[in-house]
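Taking it in order: structure first as structure tokens, then the write-up.
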Amino acid sequence: MTREYNNAMNYSSVAREGDLAQLVGLTHKHFIFALKSGAEFQSHRGILKHDDLIGKPYGSQVFSHTGAPFFLLQPSITDILRDLPRATQILYPKDIGYILTMMGITPGKHVMEAGTGSGSVTIAMATAVGVEGRVISYEQKPDTQSLARKNVERVGLTSRVEFKLRDIREGFDETDMDAFFLDVQFPYEYIEQVRAALKPGGFF
């Protein structure tokens, strides 16, 4: 059974079970993990019980069993993207922000990508399109797609993303999409397939 976490962008004033939480130490070393009742966070600076964190206001200072201090924070989208497990080189927030604005990705949009990679752009787009939007992501490598799925699940955005496993030479199921992000080798070989998936005047 897949563990469904809270939407990491659904900010709260207090830590809740299922939230992605961030502990930041005095040297700014940070740790991001999902809060789960009964679990423990362990590091070289000691142990903190999740039950002692759940219900605390974000911004609180907390201490491990050895007395090491941390600040309990809710991670930003930038923190999450930088912390993603990855099998491929990912795009970083500065580049992703440029892509989102250039492609006009806003709440309610229906957008596509091909070349899912580790899912950093997928997560950013799913955050930007909101609850009424949709992201369709094509990948041809099963292992790569599996990692991206886990990363999307980790931030609680699975309801906004549909994954498809296919060689995109075969084309896409969708038409009339608002925007398309293509991140594959030899992208110019797939222009006709992308054009068929986009609405007239859609962003590419």
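A few remarks follow.
- Remark on the stretch 1-70: Rg and Dmax equal 11.9, 37 Å (Cα only).
- Listed by chain and number, the lysines whose C-alpha is less than 19 Å from the C-alpha of K150, apart from same-chain residues fewer than 8 away, are K36, K141, K164.
- Relative to the longest principal axis of the Cα atoms of the chain, the long axis of helix 120-129 lies at roughly 80 degrees.
- Principal-axis tilt of helix 142-154 within the chain, Cα atoms, nearest 10 degrees: 50 degrees
- With a simple spin-label model that places each label point 7 Å from the Cα along the Cα-to-Cβ direction, the separation between Q61 and S43 comes to 1.6 nm.
- Nearest-ten-degree value, helix 93-102 long axis tilted from longest Cα axis of the chain: 40 degrees
- What the phi angles of the stretch 79-87 give under the Karplus curve with 6.51, -1.76 and 1.60, with θ = phi - 60°, is a coupling list of 4, 5, 5, 6, 9, 4, x, 9, 10 Hz, glycine and proline written as x.
- Residue-by-residue Karplus 3J(HN,Hα) for the stretch 16-32, coefficients 6.51, -1.76, 1.60, Hz, glycine and proline x: 10, 4, x, 5, 7, 10, 10, 9, 10, x, 5, 8, 6, 5, 10, 9, 10
- Amide proton proximity set for T88, modelled H, under 5 Å, gap of 5+: S118
- For the peptides 117-126, 167-176, 132-141, the ranking by packing is 117-126, 132-141, 167-176, with the highest mean count of neighbouring Cβ atoms within 10 Å listed first.
- By the rule of a C-alpha distance below 13 Å, with chain neighbours fewer than 8 residues away ignored, the aspartates and glutamates paired with K49 are E17, E40.
- Reported label for calculated Rg/Rh (Cα atoms, Kirkwood Rh) given [x] 1.16; [y] 1.04; [z] 0.99: [y]
- Spin-label model, D51/Q185: points 7 Å from Cα along the beta carbon direction are separated by 5.2 nm.
- Estimated [θ] at 222 nm from DSSP helical runs (n ≥ 4, -39500 (n - 2.57)) normalised by residues in the chain, nearest 500: -7000 deg cm²/dmol
- Computed over protein heavy atoms with a 1.4 Å probe, the accessible surface of the stretch 13-166 works out to 47 Å² per residue.
- Per-atom-type breakdown for the stretch 1-107 gives carbon and sulfur 55% of the accessible area (1.4 Å probe, protein chains only).
The values are calculated or read from the model by the stated rules, or taken from the named source; none is laboratory data. No experiment lies behind these values; they were computed from the predicted model shown. All Cβ positions, glycine included, derive from the backbone under ideal geometry; neighbour counts span all protein chains shown. To get the accessible areas, we keep the full protein, side chains included, count just its heavy atoms, and leave off ligands, DNA and RNA. Shrake-Rupley method; radii C 1.70, N 1.55, O 1.52, S 1.80 Å.
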